[in-house]
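First up is the structure itself, then whatever we jot down about it.
The values are calculated or read from the model by the stated rules, or taken from the named source; none is laboratory data. Just so we're clear, the structure is a prediction, and the values are computed from it rather than from any experiment. Using ideal geometry, Cβ is built from the backbone for each residue, glycine included, and neighbour counts are taken over all protein chains shown. Side chains included, ligands, DNA and RNA excluded: accessible areas come from the protein's heavy atoms. Shrake-Rupley method; radii C 1.70, N 1.55, O 1.52, S 1.80 Å.
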Amino acid sequence: MRKRGFTVAVIFLTAWVSSTVFAGQSGIDTGSVRLIPVAENIYAVAPSFAGASGALILSDGGHIVVDTHGSPASARALIDAVSRISDDPIRYVVNTHWHVDHHSGNLAYRETFGNDVVFISHDNTRKDIPTLGAEQFEQVVPYRSMAVQSANDVLAKNMDDHGEALAAEKITAIEAFRDEQIELAARPDYAYTLADLTYSDSITLHTDSDTVEVFFLHPAHTRSDSIVYLRDQEILIVGDLLTQPILWSWSSYPSQYVLTLKALEQLAVKKILIGHGGPVLDGKSYLVQARQFLEAAVAHAVLSHAAGLSEDKAIEAAAKNAAIEDFRRSFVSKTEDKLFDQMVGWTISRAYLEL
Ligand SMILES: [Zn+2]
């Protein structure tokens, strides 16, 4: 249990770290979320301050949203932004997996569009949200007050990374993030909005203008990740299958994760939209890097396990494994070494569970 508490804290608070990763990518600011153009009518949707990224496909006859961020407030910001751009409603919402930062905004879509919006997920994601997702939601509650405190500290200091006064949009984004945490902390009875439509292998959404493939390959980041593919545009939306600066592999299935990423490497892909960091990657180089790292970590776990090493000893020995260490600087800078160690620890631990 000690490990799990730490895990939750790391995951939640690291949202702050990754909030600056996409600062270089320009886009349309809407307060809580930012729309970053990827191709015609396709946007990455990034939180302005912290949290998970999703996607928006503006489609004739009804739009498609992938993942709904960490709160109804962020979801409402996106709904408002879309209503300013288009008269068509949001018709489909895909939830990629059960982690709470990817579906806690669902409620806002139901409140706005009633039963005209269709929620889609893998069969097992629908099962896992009210069990594993609810558990994670509870665990995160204490960290929400820490996040509120940190947000207030940043606002009081009124200084950005370059030592200059915070821009007005940044202040709005931080205030919105803080208020979301207060809203969610006050709702331990939080009502999940589960999928109306589930699938086991794949499902294809057809609108007047687009064909959008949603599919599952193997357990990877979770046991039932949905991958969204726009084949004509060669755009892949992978949720948390890929994240930066590290893979958040704490609930992963490393050996099958490798197979999943290998299969994705076979697709024609110009851009990949990822769950944290990014949010838009050109080409497949990070996909390949992630797969190669996972292969090295799994190989280490298999050998360590066969040699009779305990999980803790295997994690300790990983620091001397050149095949793993070679990836350190590809993922993190010197100030983020702890994150890399965390990823190695999670991955080996989960690989041991698979063994
Ligand atoms: Zn996740």
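Assorted remarks:
- Listed by chain and number, the lysines placed with their C-alpha closer than 25 angstrom to that of Lys271 are Lys262, Lys284; residues fewer than eight positions away on the same chain are left out.
- Rounded, prolate or oblate (a/c below 1.5 giving rounded, otherwise prolate when a/b exceeds b/c) for the stretch 124-239 by Cα gyration tensor: oblate
- The Cα center of the stretch 255-291 and the Cα center of the stretch 116-151 differ in position by 24 Å.
- Cβ-based net charge around Gly239, under 14 Å, with every Lys or Arg adding one and every Asp or Glu removing one: -4
- Per-peptide packing, taken as the mean over residues of other Cβ atoms within 10 Å, places 170-176, 315-321 in the sequence 170-176, 315-321 from highest down.
- Other residues whose C-beta falls under 15 angstrom from the C-beta of His305 contribute a net charge of -2, scoring Lys and Arg +1 and Asp and Glu -1.
- Charge context of Gln292, other residues only, Cβ under 11 angstrom, K/R +1, D/E -1: -1
- Computed FRET value (nearest 0.05) for Phe215 with Asp160, which takes r as the C-beta separation and R₀ as 51 Å: 0.80
- Sorted largest first, the spans of the alpha carbon positions of the stretch 292-354 along the three principal axes are 33, 19, 19 Å.
- Contour minus Cα-Cα distance for Glu138 and His206 (0.36 nm per residue): 20.8 nm
- Prolate/oblate/rounded label for the stretch 205-355 (Cα gyration tensor, a/c 1.5): prolate
- Dipole magnitude of the chain about its Cα centre (Cβ charges: Lys, Arg +1; Asp, Glu -1), debye to nearest 20: 940 debye
- Rounded FRET efficiency, nearest 0.05, which uses the C-beta distance separating Ala317 from Arg84 and R0 of 45 Å: 0.25
- Taking the accessible area of the chain, probe 1.4 Å, and keeping the other protein chains in place, the carbon and sulfur fraction comes to 52%.
- Around the Cα centre of the stretch 292-354, unit charges on the Cβ atoms of Lys, Arg, Asp and Glu (plus for the first two, minus for the last two) sum to a dipole of about 120 debye.
- Along the axis of the charge dipole computed for the chain (Cβ charges of +1 for Lys and Arg, -1 for Asp and Glu, origin at the Cα centre), the listed residues Val118, Leu230, Ser200 are led at the positive end by Ser200.
- Column: log10 I(q)/I(0), Debye, Cα scatterers of the chain, q = 0.07, 0.08 Å⁻¹: -0.28, -0.36
- Annotation for the stretch 152-179 versus the stretch 306-353: alpha-carbon center distance of 35 Å.
- CD proxy at 222 nm, helix term only [per DSSP H run n ≥ 4: -39500 (n - 2.57); per residue of the chain; nearest 500]: -14000 deg cm²/dmol
- When the Gaussian network model of the chain links Cα atoms closer than 10 Å, the mean-square fluctuations of Leu155, Leu261, Leu194 top out at Leu155.
- Simple Cβ-charge dipole of the stretch 247-313, Lys/Arg +1 and Asp/Glu -1, about Cα centre, in debye nearest 20: 260 debye
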